[in-house]
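Colleague: One structure is given below, represented as structure tokens, and several questions about it will come after.
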Amino acid sequence: MAALAHGIILLASSQVPKQLNWRQDLAKLTPFNRKIMWTYGGFIVLCIIVFGCLLAWLKSDILQGQPAALGLVAFNGLFWTTRVIVDFSYFKHSDWPSGLLFVIGHCCLSTTFIAIVIVDWSVLAWHILT
């Protein structure tokens, strides 16, 4: 399930550069800053890929409560919790592009992020409390 959620996020993120006109907006930056932004984006995509793959690969270790696997779950939970907090506390509604598809996409992605957060922290709580 975690791999699927991360895959959905990757599919959505592949649309971001085109849908948000990154080519035009980033062209306004200096070449160095533009490269930094693409590098940051690439590293975030890499993290999402690794999270999805490792969570799928280590599923049985997670269920058994292996410490390293639970560490991965904790880091994944922290990553997405931070993403949700930033979304709801830093971005304003007016920051987001207008249009029904953007609203639906934002709601779907936020729901996916929150679902990952709930599952990750629930798994950790289950292992700690049992």
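A short reminder: the numbers here are calculations on the coordinates, not readings from a lab. Not measured: the values here are computed from a predicted model. Here Cβ is always computed from backbone atoms with ideal geometry, including for glycine, and neighbour counts include all displayed protein chains.
Colleague: Roughly how large, in nm² to one decimal, is the mean projection of the convex hull of the alpha-carbon atoms in the chain?
Modeller: Mean shadow area of the hull around the Cα atoms is 8.9 nm².
Colleague: Next question. Which of the lysines could be linked to Lys92 by a straight reach, that is with a Cα gap under 30 Å, when you skip same-chain ones fewer than 8 residues away?
Modeller: Once the sequence-local lysines are set aside, what remains near Lys92 is Lys18, Lys28, Lys35.
Colleague: Further question: Show me the ranking of peptides 113-125, 5-17 by mean Cβ neighbours inside 10 Å, starting with the highest.
Modeller: Working: 113-125: 17.2, 5-17: 14.8.
Result, highest mean Cβ count within 10 Å first: 113-125, 5-17.
Colleague: For Asn33 and Thr111 in the same chain, what is the full-extension length gain: residue separation times 0.36 nm, less their Cα-Cα distance, in nm?
Modeller: Full extension from Asn33 to Thr111 adds 24.9 nm.
Colleague: Starting from the Cα-Cα distance between Ser60 and Leu101, subtract it from 0.36 nm times their residue separation and give me the gain in nm to one decimal.
Modeller: 11.0 nm
Colleague: I need to check one value: relative contact order of the chain, counting alpha carbon pairs closer than 8 Å and at least 6 residues apart, in percent.
Modeller: On the way: 70 pairs, mean separation 41.7, N = 130.
Relative contact order for the chain comes out at 32 percent.
Colleague: A follow-up question, please. May I ask you to give the average projected area over all directions of the convex hull of the Cα atoms of the stretch 54-94, in nm² rounded to one decimal?
Modeller: With every direction weighted equally, the projected area is 3.4 nm².
Colleague: Please work out the C-alpha center-to-center distance from the stretch 111-130 to the stretch 10-87 and express it in whole Å.
Modeller: Between the Cα centres of the stretch 111-130 and the stretch 10-87 lies a distance of 18 Å.
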